[in-house]
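Contents: one structure, followed by commentary.
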Amino acid sequence: MEAELSIGKSSADKECSPVGLIDELILLGFSRQALDALPLAVEATRLVAYSPGQTIFYEGKDVEVLYVIRDGRIKLLNYLENGRARIVRLHNRSSFLGLNGLMDEPHAHEAVAIDDVHIYQIPMQLIMGVKDNDPDTYSHLLEHLQAYLKMADTWITDFSTGAIRARVARLLGFLVDNDVETGPCEVTLLTVEEMADILGVTPESVSRIMADMKRKNILREVNSDSPDCFQCDIKRLRHEAEQ
């Protein structure tokens, strides 16, 4: 069950004012102009917590809210005819999900939390008005959608073609570049099952390659609170990705 929190409040935060919410939404990627044009939407925004493995929304369901990730990671899933899930996208802090609702389209994928995730939810019906009344704000939101479509092209070209070892290396490079929670050249790894679901290969294949990269110190465990946090030798990782 999802847990709704007071805006700006989690186990580690104190409650903040609407002004604080606006500032945070700007940091997450909204323009101030867009928020000024959506006062009712900002007022109705709620912060919701999800646990690892919890479904956030389902494929084919109507888009009722715009999701803006405050922290944590989520994966988008498609299900193949054999019932196997394929991860078709990863999102983390500052990602906007549900933008296809602006075009009256349902969710194209299922979204599942990878970590503990906090997401701002903004009622879509309070955003729809900008489509006709505020073209600048509408264009601003569509820019986010365009960026995600570009990411989909990367998913196809980098993770679905070539030798498995090179694809694993490309995925690790992608995770490093998009990990906002760790330091430079560091990454919080996915499980081998999740990596396999992205690459469309078996977990055993990924596990063997990851073990070899750790033995060769391409991946080195970082002394941190997370056992899944590793430092990457970027130069060697890029060489592997080009093979």
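Key figures
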| item | result |
| --- | --- |
| Candidates Val187, Val168, Val176, filtered to the one that is among the β-branched types (Val, Ile, Thr), part of a helix (DSSP H, G or I) and crowded, with 20+ Cβ neighbours inside 10 Å | Val168 |
| Yes/no for Asp116 being of a type in the set (Asp, Glu), surrounded by fewer than 18 Cβ atoms within 10 Å (Cβ to Cβ), out of contact with any helix residue (DSSP H, G or I) (no Cβ under 6 Å at 6 or more places or on another chain) and within 19 Å of Ala49 (Cβ to Cβ) | yes |
| Residues being more than 16 Å from Arg86 (Cα to Cα), over 19 Å from the mean Cα position of the chain (by Cα) and not hydrophobic (A, V, I, L, M, F, W, C) - total across the stretch 148-183 | 2 |
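Bear in mind that the values in this text are calculations on the coordinates, not laboratory data. This structure is a prediction, so every number in the text was calculated from the model and none was measured. Cβ sites come from the backbone with ideal geometry, for glycine too, and all protein chains shown count toward neighbours.
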